[in-house]
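Worksheet for the structure shown next.
The values are calculated or read from the model by the stated rules, or taken from the named source; none is laboratory data. In this text, all values refer to a predicted model and were calculated from it rather than measured experimentally. Here the Cβ is made from the backbone with ideal geometry for all residues, glycine too, and neighbour counts use every protein chain on show.
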Amino acid sequence: MSREPALSGIRVLEQGTFITGPCAGMMLADLGADVIKIESIEGDPYRAYQGGQYSPHFQAYNRNKRSLSLDMKLKSDCALFDQLASEADVYIQNFRPGTADRLGAGVARLHAVNPRLVYCSISGFGSSGPYYDRPSYDSVAQALSGFLSVVVDNRRPQFLGPALADAITGMYASQGILAALVQRGRSGRGAHVEVSMLEAMAHFAVEPFAAFFALGETPTSADRPRLAQAYILHTADQRLIAIHLSSLEKFWTGLVAALDAPELKQDPRFNPRERRIAEYETLRIELDNRFSRQPLEYWIQRLQAEDVPYAPVNLLDDVVRDPQVEHLGIVVPIDFPHTATRAVRPAAQFDGTRASSVSAAPLLNQHGEVIRTALKAGSSWPAMPPQAQRRV
């Protein structure tokens, strides 16, 4: 039985570019909000990240939305923008501080247009302070916040692959927006939600900060795997497998059994657990040597039989074929696709139901004519076409 999405009826204006703002909008759209993405005539620059006007990077953060191009230098387009803002529940922008005001989309002006509006500003470093007008990108926020220091090996420093700081900031922004909507339900008033990449990533590193404040020692990237007794090991068929022993002795006992190596249980270098922590690198080398003698499937069977927490380090083509991924329906079809035909669905389920598809990210100004026509006919917020309405 289908049901209305959790945010059905919530209207969102997103004037975001690249990742942080669009990610926040996508998180709301995935939950059923009607998101109209306002783009310049040239479009979100992320469209052309790998050439053309529809990069896979843009598609990732802009599904389940409608696109309207506006020239904010034209009075007629500003009037259309105000019509939408007057009926919107949420407005999202990730401009550098001051830009929204210059475009006529500042928080004071839009709250005058719509006092119930939840206005979300996303920035690199906040709206004030010595860094407020500096440009910021994912790598800058990771580095400044301290997050990078607790995930990067100083011997071979490299950024992590995905744009974590951008996406995480967008997620924090969507959380703040949802909280403000709940608050508005009590007070009847809108709010100004502000999230910076620096603040989001500092909060995301809450555990290493807690350790620093409690112990007075600066954490490093080696601490978490060492304390958690987590290892990434090679197998004979050139695959990688991850194991996580945690603090429970039964997992160490299970690993020893899976390896058929009772001598490790007696080795004073690795017993008790405190010794394994102290000799982490020595044990890693020992385990890597042993795991490299058999193929991945052998170790999967052995570890599973002994109830040891493990997982193969899957490539993405492995993930889409994984039995548990298939069982959960994590990969779903894209409605009205322009290029890709599949995507990863939203993570949350509601009363046991989950999204069975997503709508393709819009082409530039794909819905412009329909939205403009509706607004000029007197509609304050154009209804979403029935074929684009999503159910879970």
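Data overview
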quantity	calculated
In segment 1-30, residue modelled with the lowest pLDDT [restricted to those that are over 19 Å from residue 87 (Cβ atoms), in a loop (DSSP other than H, G, I, E, B) and of a type in the set (A, V, I, L, M)]	1
Candidates 284, 269 - the one that is basic (Lys, Arg) and outside any loop (DSSP other than H, G, I, E, B)	284
Checklist (1) crowded, with 17+ Cβ neighbours inside 10 Å; (2) assigned to a loop (DSSP other than H, G, I, E, B); (3) not charged (D, E, K, R) applied to residue 233, failing item	(2)
Single condition residue 97 does not satisfy, out of (1) outside any helix (DSSP H, G or I); (2) touching a Leu at 6+ places or on another chain (Cβ under 9 Å)	(2)
Verdict on residue 242 being touching a residue at least 40 places away in the same chain (Cβ under 8 Å), exposed (fewer than 14 other Cβ atoms within 10 Å of the Cβ) and within 21 Å of residue 312 (Cβ to Cβ)	no
Matching entry among 92, 36, 19 (being farther than 21 Å from residue 343 by Cα, among the β-branched types (Val, Ile, Thr) and touching a residue at least 12 places away in the same chain (Cβ under 8 Å))	92
Residues located in segment 105-136, provided they are within 26 Å of residue 9 (Cα to Cα) and part of a loop (DSSP other than H, G, I, E, B)	105, 106, 114, 115, 116, 117
Qualifying residue in segment 196-204 (condition: modelled with pLDDT of 95 or more, touching an Asp or Glu at 6+ places or on another chain (Cβ under 8 Å) and farther than 18 Å from residue 285 by Cα)	yes
Checklist (1) free of Cβ contacts under 8 Å to residues at least 24 places away in the same chain; (2) in contact with a Ser or Thr (Cβ under 7 Å, 6 or more places away or on another chain) applied to residue 152, failing item	(1)
Tally, over segment 240-262, of residues that are assigned to a loop (DSSP other than H, G, I, E, B) and within 27 Å of residue 154 (Cβ to Cβ)	3
Failed condition for residue 321, given (1) more than 32 Å from the chain's Cα centre (by Cα); (2) without any contact (Cβ under 8 Å) to a residue 40 or more places away in the chain	(1)
Residue pairs meeting the criteria (Cβ under 8 Å; at least 6 apart or on separate chains; first touching a residue at least 24 places away in the same chain (Cβ under 8 Å) and part of a helix (DSSP H, G or I), in segment 161-175; second surrounded by 19 or more Cβ atoms within 10 Å (Cβ to Cβ) and acidic (Asp, Glu))	164/138; 165/138; 166/138
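So that you can scan it fast, the table gives a plain yes or no per residue for (1) among the small types (Gly, Ala, Ser); (2) touching a residue at least 60 places away in the same chain (Cβ under 8 Å); (3) crowded, with 16+ Cβ neighbours inside 10 Å:
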residue: 269; (1), (2), (3): no, no, no
residue: 296; (1), (2), (3): no, yes, yes
residue: 306; (1), (2), (3): no, no, yes
residue: 316; (1), (2), (3): no, no, no
residue: 331; (1), (2), (3): no, no, no
residue: 340; (1), (2), (3): yes, yes, no
residue: 355; (1), (2), (3): yes, yes, yes
